[in-house]
């Protein structure tokens with residue numbers, strides 16, 4: 001099984017949002033996994049419910065996996081679907097992090113650290129001077 005989450009929208013300036021790299025079907029599936037409702041997913045993504053249905057069907061066909069199933073009256077995300085949703089979320093976060101780094105590689109970031117009281121009074125002043 002191979003998972004291809006990136007598509008040809010990467011260089012398309014008309015494809016909006018911070019998530020330029022993910023295939024729309026994966027984003028749709030992730031939202032469906034969160035809402036467990038085709039209707040709510042469509043509303044949150046500002047697309048039609050049939051579009052959500054088509055995207056999920058296309059993704060399941062491409063991956064040859066059952067990601068969702070109906071157990072009347074509820075939509076259930078399968079174990080494979082749950083794993084894929086976790087993976088998509090992880091990739092989304094990593095994509096955002098790497099893009100932020102690439103866009104501002106020299107940006108100074110604050111350094112934060114915690115220490116015990118004894119460290120603060122004895123070692124920290126010498127550490128900060130260096």
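What's the FRET efficiency of residue 93 with residue 71 using the Cβ-Cβ distance as r and R₀ = 35 Å, to the nearest 0.05? Intermediate values should be presented prior to the final figure.
Values: r = 30 Å, r/R0 = 0.87.
Result of the calculation: an efficiency of 0.70.
Using alpha carbons only, how many angstrom separate the centre of the range 52-77 from the centre of the range 78-114?
The distance from the Cα centre of the range 52-77 to that of the range 78-114 comes to 26 Å.
What translational diffusion coefficient, in µm²/s and rounded to a whole number, does the Stokes-Einstein relation yield for the range 24-129 at 37 °C and a viscosity of 0.692 mPa s, taking the hydrodynamic radius as the Kirkwood radius over Cα pairs? Can you show the working numbers first?
Numbers: Rh = 17.1 Å.
So the translational diffusion coefficient is about 192 µm²/s.
In nm, what is the difference between 0.36 nm times the number of residues separating residue 80 and residue 117 and their Cα-Cα distance?
Additional length available on full extension: 8.5 nm.
For the pair residue 107/residue 34, report the inter-label distance in nm, with labels modelled 7 Å from Cα in the Cβ direction.
For the pair residue 107/residue 34, the computed spacing is 2.1 nm.
Computed from the coordinates by the stated procedures, all read-outs in this text should not be read as laboratory data. Note that the structure is a prediction, hence the values are computed from the model and not measured. No Cβ is skipped: glycine too gets one built from the backbone with ideal geometry, and neighbour counts run over all protein chains shown.
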